[in-house]
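Only one structure is covered here, and it is reproduced in the block below.
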Amino acid sequence: MVADARTRARVVIVTNPRSGGGKTARYGLVQRAEDMGAQVWMTSAEGDATSLARNAVEAGAQVLGVAGGDGTVSAVAAVAADTGRSLVVVPAGTRNHFARDLGLDLRDPGRALDALVDGEPVQVDLGVLGSRVFINNVSFGVYADALLEPGYREDKPRAFAAVAPDYAKGKQWVEARVDTPWGTVEFPQVVLISNNPYHLATPRWLGRRFSLSTGQLGVIVLKRRAQAPPDLLRHLRGELRQHKRGAGSAGDGAAIWSAPNITLHGEVRHLDAGIDGEAVRLPLPVVCSIRPRALRLLLPKDRPGMPPERPMRH
């Protein structure tokens with residue numbers, strides 16, 4: 001499948017043409033990348049992101065690139081880390097959480113290609129779950145349930161609205177136990193394990209990661225209170241804002257902390273989960289850990305999305 005021209009390519013960019021409603025075509029990313037000397041390989045039914053990235057390495061690529069959503073980025077990042085290749089991330093998905101936390105320009109994805117000319121090397125951590133890696137998070141509970149709703153990709157608000165009523169009634173979504181620094185939480189409604197902790201202290205940067213190289217997982221465990229408040233989702237957002245990293249409680253409410261590994265255990269055989277936005281079913285126990293500075297990135301020097309007060313740590 002690898003043409004002669006491709007075997008000579010130093011840079012191969014794997015792109016998902018469907019990501020972000022077709023951002024690859026809308027922003028002319030193929031032409032922009034090729035003008036900079038890169039080869040662009042598109043995912044299809046015959047070749048997913050992982051297989052294309054591995055083929056590119058076998059063909060001699062020294063730098064991998066990826067243009068797509070977080071699921072596509074995660075797949076290519078795993079290959080880059082395993083093979084010691086640098087990775088260029090082009091934010092061509094819908095949410096682009098990883099690219100956002102790298103400070104990349106989400107309004108003009110093509111600016112990320114400047115890294116091919118004078119890229120700044122940065123090493124970041126990867127989350128690990130069994131044989132898989134994750135760049136953002138692993139989720140159990142409300143988000144994982146929403147991922148399983150038909151038509152989630154096309155209408156995410158509808159999917160969340162479909163599962164929210166059961167959450168408000170106190171349904172035990174996560175059939176597992178989580179050991180926290182304050183004791184064991186049984187059957188929480190939400191467990192979110194992130195590659196580096198999320199910032200929760202200030203509304204402006206809520207849900208951002210100021211660093212991707214702390215060597216720590218972020219962990220958020222939510223368990224319903226005895227009586228659900230009238231507006232449960234708004235209540236949970238407010239509760240998260242009140243917690244600073246490292247503070248929490250194992251009782252009803254939120255337990256928030258950071259650690260190099262975390263385990264979910266229980267009596268059921270499998271749990272539904274979301275890994276970087278992809279629905280999966282995982283056997284118990286679920287063990288997550290972190291690989292410090294496992295991924296080498298090439299980033300453009302101009303990254304307008306970085307919070308000015310907290311630059312990315314090298």
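The values are calculated or read from the model by the stated rules, or taken from the named source; none is laboratory data. All values derive from a computational prediction rather than experimental measurement. With ideal geometry, Cβ positions are generated from the backbone for all residues, glycine too; neighbour counts draw on all protein chains shown.
For (1) in contact with a Leu (Cβ under 6 Å, 6 or more places away or on another chain); (2) surrounded by 20 or more Cβ atoms within 10 Å (Cβ to Cβ); (3) outside any helix (DSSP H, G or I), each residue gets a yes or a no:
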{"site": "82", "(1), (2), (3)": "no, no, no"}
{"site": "90", "(1), (2), (3)": "no, yes, yes"}
{"site": "95", "(1), (2), (3)": "no, no, yes"}
{"site": "98", "(1), (2), (3)": "no, yes, no"}
{"site": "105", "(1), (2), (3)": "no, no, yes"}
{"site": "113", "(1), (2), (3)": "no, yes, no"}
{"site": "117", "(1), (2), (3)": "no, no, no"}
{"site": "123", "(1), (2), (3)": "no, no, yes"}
| Just one of the numbered conditions (1) at pLDDT below 90; (2) at positive phi is not true of residue 276; which one? | (1)
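Can you name the strands (runs of 3 or more DSSP E) wholly within the range 128-231 that have at least 3 residues being surrounded by fewer than 17 Cβ atoms within 10 Å (Cβ to Cβ) and at pLDDT 75 or above?
Values: elements: 132-134, 137-141, 177-180, 183-186, 190-195, 217-223.
Strands (runs of 3 or more DSSP E) meeting the threshold: 183-186.
Yes or no, residue by residue, for (1) touching a helix residue (DSSP H, G or I) at 6+ places or on another chain (Cβ under 8 Å); (2) buried (at least 23 other Cβ atoms within 10 Å of the Cβ); (3) touching a residue at least 40 places away in the same chain (Cβ under 8 Å):
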| residue | (1), (2), (3) |
| --- | --- |
| 25 | no, no, no |
| 28 | yes, no, yes |
| 36 | yes, no, yes |
| 73 | yes, yes, yes |
| query | Pick from 271, 264, 298, 282: which is outside the structural domain of residue 146 (by TED's automatic domain parsing), assigned to a strand (DSSP E or B) and either of a type in the set (Gly, Ala, Ser) or at pLDDT 90 or above (or both)? | reply | 298
| Mind checking which pairs have a first residue in the range 116-144 that is farther than 27 Å from residue 300 by Cβ and a second that is in a helix (DSSP H, G or I) and not hydroxyl-bearing (Ser, Thr, Tyr), Cβ under 8 Å, 6 or more apart or different chains? | 132/78; 142/160; 142/163; 142/164
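Quick check on residue 87: is it under 17 Å from the mean Cα position of the chain (by Cα) and closer than 24 Å to residue 290 by Cα? Write out each step before concluding.
Details: under 17 Å from the mean Cα position of the chain (by Cα): yes; closer than 24 Å to residue 290 by Cα: yes.
Spelling it out, residue 87 is indeed under 17 Å from the mean Cα position of the chain (by Cα) and closer than 24 Å to residue 290 by Cα.
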| remark: residue 129 fails exactly one of (1) within 30 Å of residue 32 (Cα to Cα); (2) in contact with a strand residue (DSSP E or B) (Cβ under 7 Å, 6 or more places away or on another chain), namely (1)
| request: Quickly run through the range 63-80 and pick out the residues that are closer than 19 Å to residue 116 by Cα and part of a helix (DSSP H, G or I). | output: 73, 76, 77, 79, 80
| field | Those residues of the range 1-17 which are assigned to a loop (DSSP other than H, G, I, E, B) and at pLDDT 95 or above, in sequence order | value | 16, 17
